[in-house]
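Chemist: Pasting in a structure now, in C-alpha cells, and then I'll have a few things to ask.
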C-alpha cells in the first residue's frame, strides 16, 4: 500500500525533505514507519522520546495500524493559502481559530467577538523579542502542520469555552518570517467578567504552546536553530 509521510521543523532538516510517498506492507503499525526512518537517520532515533506521530491529522499511538492512502506526520516538540487566513474555522457560537501569514488584526478580532453582555476583553499577544538568553535574534521563521494545527486550535478553544465562564474566544497564529516586535500569536477572550477572561486566555496560550504542531527557527548573526520545546505528556503517552 502507498502512504504519504510528512516531516516538520528540525525533522525536515534531518531527512532532507518535507514529504514523500512510500510503499508499505498491509497492516503495519506506525512504529514500523518510524523504524524505517530511524534506521536511515540515527538522529531520528536519538529524538525518539520527543517525536510524536500523527495520522490523518490526529495524534496516534505508534501501535495504530496504517491504511492505504494515510497521511503520516512526524512532529518534533512544539515550541499556506490565499487571503488573510491560510486556514480558518468559525463556529456558530462565534469562536474563531486561524493561521495567517499577514499581521494579526487583534482589535478587529476583539470587535468581532464582543457581545452586548460582555464586560471584559482580554487580548494576549506573543511578540518576537530581540534576544534569546542574551544572544541577539535577527528574525524568526514559523512553520506548522497547517491542516492539523487549526483543528487543534479549535479543539483547545472549544474546551476552554466549555470550562470557563466566557462569551467567545479566538486563537490565531502567524506563519512564515517574523521580525522583532511583530505579533506571532494572539489569544482573545470576551466575557461578562474579567477573572474568567484572564484565566481562559492564559490557559489558551499555555495549551497552544504544548499541543499545537507549530515550530519556530531562530536566526542569529552567527547561525540558526530550531527552538526545542516540549510536548504535553498526554500527547507523548499516546
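Chemist: Order these peptides, 15-23, 68-76, 169-177, by their mean beta-carbon neighbour count within 10 angstrom, highest first.
Modeler: The densest-packed peptide leads the list: 169-177, 68-76, 15-23.
Chemist: Sticking with this structure for a sec: In deg cm²/dmol and to the nearest 500, what is the mean residue ellipticity at 222 nm of the chain if only DSSP H runs of at least 4 residues count, each as -39500 (n - 2.57), divided by the residue total?
Modeler: -9000 deg cm²/dmol
Chemist: Just how far, in whole angstrom, is the stretch 106-128 from the stretch 184-209 if you go by their alpha carbon centroids?
Modeler: When both Cα centres are located, 10 Å separates them.
Chemist: Something else: In the stretch 2-75, what % of DSSP beta bridges are antiparallel (nearest 5)? Kindly include the intermediate steps, with their values, before the conclusion.
Modeler: Working: 12 of 16 bridges.
Roughly 75 percent of the DSSP beta bridges within the stretch 2-75 come out antiparallel.
Chemist: Provide the packing ranking of 123-134, 47-58, 193-204, i.e. peptides ordered by the mean count of other C-beta atoms within 10 Å per residue, highest first.
Modeler: Packing proxy ranking, top to bottom: 193-204, 47-58, 123-134.
Chemist: With labels modelled as points extended 7 Å from the Cα through the Cβ direction, what inter-label distance (nm, one decimal) is found for residue 93 paired with residue 23?
Modeler: If labels sit at residue 93 and residue 23, their model points lie 4.8 nm apart.
Chemist: For the pair residue 224 and residue 32, what calculated FRET efficiency results from E = 1/(1 + (r/R0)^6), where r is the Cβ-Cβ distance and R0 = 30 Å, to the nearest 0.05? Spell out each step's value before the answer.
Modeler: Numbers: r = 33 Å, r/R0 = 1.10.
Rounded to the nearest 0.05, the efficiency is 0.35.
Chemist: While we're here: Compute the FRET efficiency between residue 102 and residue 198 as 1/(1 + (r/R0)^6), taking r as their Cβ-Cβ distance and R0 = 41 Å, and round to the nearest 0.05.
Modeler: Values: r = 27 Å, r/R0 = 0.66.
FRET efficiency, residue 102 to residue 198: 0.90.
Chemist: In addition: State the antiparallel share, in %, of DSSP beta bridges confined to the chain, rounding to the nearest 5.
Modeler: 85
Every number in this text was worked out from the coordinates using simple rules, so none of it is lab data. It should be emphasised that the depicted structure is a prediction, and the values quoted were computed from it without experimental measurement. Here Cβ is always computed from backbone atoms with ideal geometry, including for glycine, and neighbour counts include all displayed protein chains.
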